[in-house]
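Here's the structure we're looking at; comments come further down.
What follows draws every value from the coordinates through simple rules; no lab data is involved. Since this is a predicted model, take the numbers as computed values, not measurements. Positions of Cβ are generated from backbone atoms using ideal geometry, with glycine treated the same way; all protein chains shown enter the neighbour counts.
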Amino acid sequence: MPSHAAPARRTSLRVLHLEDSELDHELEMAHLRRGGVQVETLRVDSEPAFRAALEEPWDIVLSDFNVPGFSGLAALEIVKALERPLPFILISGEIGEDVAVAAMRNGAGDYLLKANLARLAPAVEHAIAAHEDGLAREQADQQLAESRQRLSELAQHLQTSVDNERAAIAREIHDDVGGSLTALKFDIAWILRHSSDAQVQQRAQAALEVVTQAIESSKRIMHNLHPAILEQGLVAALQWMATRFEKRTSVACVFRTSHETMQLPSGVPLVAYRTAQEALTNITKHANASRVGIDLSLAAGTLSLEISDNGVGLRDADLAKSRSFGIRGLHERAHTVGGWVDLSSSAGGTTLILSVPLADAQGYASEFGPDTEPPRFEDSDDPSVWGTL
Ligand SMILES: Nc1ncnc2c1ncn2[C@@H]1O[C@H](COP(=O)(O)OP(=O)(O)O)[C@@H](O)[C@H]1O
Ligand SMILES: [Mg+2]
């Protein structure tokens, strides 16, 4: 076995030795010392003594294969179950290859025959170095997982902040701009009614058209910022979205739901709405589909929203595009309410499923805000508007 690249040469090793023969113990320690290793060692020959000794810190465990009343493989199991496992080498007078292979698979760092103790010092060094590498790798993996977790939390926080900020801007447009435009529209209409001057009438009519257009633009901007249609409930919002999608794209879009209304925890309707919105945008942009289905169901305490198309399908590489954040954003969004997104695709099309377990009924707000008056449905417009003028 090639020795580990530039292993740090140890001057003193703490070796726990499970060995019933004092003679073999002396012999093996002598081999280690001859290999340049200073050894502090304890020999034990029973399970209780072995377990007790493991309370102490050790650099490595060497173990005989056959120990009366105990066994090297049982000792290996004990070492593996430690909170901080130790490197472990099995040493035997006559170890079969199959047993040796099984021991290595089980986590032994190495195995040796008593007839070949010249290999002991390098084997010990190698086992310790490999063990340390493993620990370093584990630590790096853990750091990576922590860093991923932090990144995901940050992405979720950003997502939520953006939603809140957008809702606040939409509210301001509604209250400020909306209020003023509505008042202006009433005033112009009044002028139109009360003036008989043709020129004034003409100007007022033009002004009315401009104001009407400004109101339409504000509605559109408000809807993009915050889908107030959600105040009518997720079911109504998705139904509206499906109808509007079909109208705009001429792609058949069917919406099915298990319930006419749903009581959902706050936050969930917006996540579901944005998921459907992104899925439909993707279908328009990428799928070349002729049929789309949106299925909403609430069963066994889990909300499930499925958007499927019969388009061209996608490949893993599509999801890895460095500038594509739509689906990645959906995963983070789903996490903000304890849910997840599954995506499956074949030549027959693509299906995106959002699942959100609704764990307990506590703290559930109705989909409807506390004192929102559901605005009236208005053709293809989001009723996130300030009345029908
Ligand atoms: N319904 C779909 N049908 C076919 N391809 C899709 C579909 N949805 C997504 N894709 C593919 O997955 C990629 C990543 O999607 P997404 O993360 O939403 O980013 P973007 O839409 O900005 O490209 C898309 O670029 C597209 O290639
Ligand atoms: Mg997209």
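Using the alpha carbon gyration tensor of the stretch 228-357, what are the three equivalent-ellipsoid semi-axes (square root of 5 times each eigenvalue), largest first, in whole Å?
Values: eigenvalues 98, 64, 33 Å².
Listed largest to smallest, the semi-axes of the stretch 228-357 are 22, 18, 13 Å.
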- Query: Where both partners of a DSSP beta bridge lie in the chain, what percent of those bridges are antiparallel, to the nearest 5?
  - Reply: 50 percent
- Message: If amide hydrogens are placed 1.01 Å from N in the peptide plane, which non-local residues have theirs closer than 5 Å to the one on Ala252?
- Response: Val292
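Only helical DSSP H runs with n ≥ 4 go in: add -39500 (n - 2.57) per run for the chain, normalise by residue count and round the 222 nm mean residue ellipticity to 500 deg cm²/dmol. Display every interim value, and only then the final one.
Working: 11 runs with 181 residues, N = 389.
Here the helix-only value at 222 nm equals -15500 deg cm²/dmol.
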- For the chain, report the convex hull volume of the alpha-carbon atoms normalised per residue, in Å³, without decimals. 230 Å³
- Hey, in the GNM for the chain with a 10 angstrom Cα cutoff, which one of Arg105, Arg291, Arg171 fluctuates hardest? Arg105
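Residue separation times 0.36 nm, minus the C-alpha to C-alpha distance between Lys321 and Arg166: what's the value? Don't skip to the answer; put the middle values down first.
Numbers: separation 155, 0.36 × 155 = 55.80 nm, distance 2.69 nm.
Stretched out fully, the Lys321 to Arg166 stretch lengthens by 53.1 nm.
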- Subset of Lys219/Lys285; Lys80/Lys114; Lys185/Lys219; Lys247/Lys285 violating a 21 Å alpha-carbon distance limit: Lys219/Lys285; Lys80/Lys114
- To the nearest 10 degrees, the tilt of helix 234-249 (Cα long axis) against the first principal axis of the alpha carbons of the chain is 70 degrees
- Residue order, fewest to most surrounding Cβ atoms within 10 angstrom, among Met104, Met262: Met104, Met262
- Task: List every residue whose amide H lies under 5 Å from the amide H of Gly338, counting only residues 5 or more places away in sequence or on a different chain, with H placed 1.01 Å from N in the peptide plane.
- Result: none
- Message: Just to confirm my numbers, what's the Cα centroid distance between the stretch 43-72 and the stretch 317-360 in Å?
- Response: 51 Å
- Treating only Lys and Arg (+1) and Asp and Glu (-1) as charged, each at its beta carbon, one finds that the chain has a dipole about its Cα centre, in Debye to the nearest 20, of 1560 debye
- Query: Three principal axis extents, largest first, for the C-alpha atoms of the stretch 188-293, in Å?
  - Reply: 58, 35, 22
- Quote the relative contact order of the stretch 117-219 in percent (integer), defining contacts as alpha-carbon pairs under 8 Å separated by 6+ residues. 22 percent
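Compute the length gained on full extension between Ser46 and Gln213: take 0.36 nm times their separation in residues and subtract their Cα-Cα distance, giving the result in nm to one decimal. Present the calculation step by step, with values, prior to reporting the outcome.
Numbers: separation 167, 0.36 × 167 = 60.12 nm, distance 8.98 nm.
Between Ser46 and Gln213, full extension yields 51.1 nm more.
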- Can you list residues whose amide H is under 5 Å from Val67's amide H, if they're 5+ apart or on another chain and H is modeled 1.01 Å from N? Gly72
- In whole Hz, what ³J(HN,Hα) sequence does the stretch 96-109 give by Karplus (6.51, -1.76, 1.60; θ = phi - 60°), x for Gly and Pro? x, 4, 5, 5, 4, 4, 4, 5, 5, 4, 7, x, 5, x
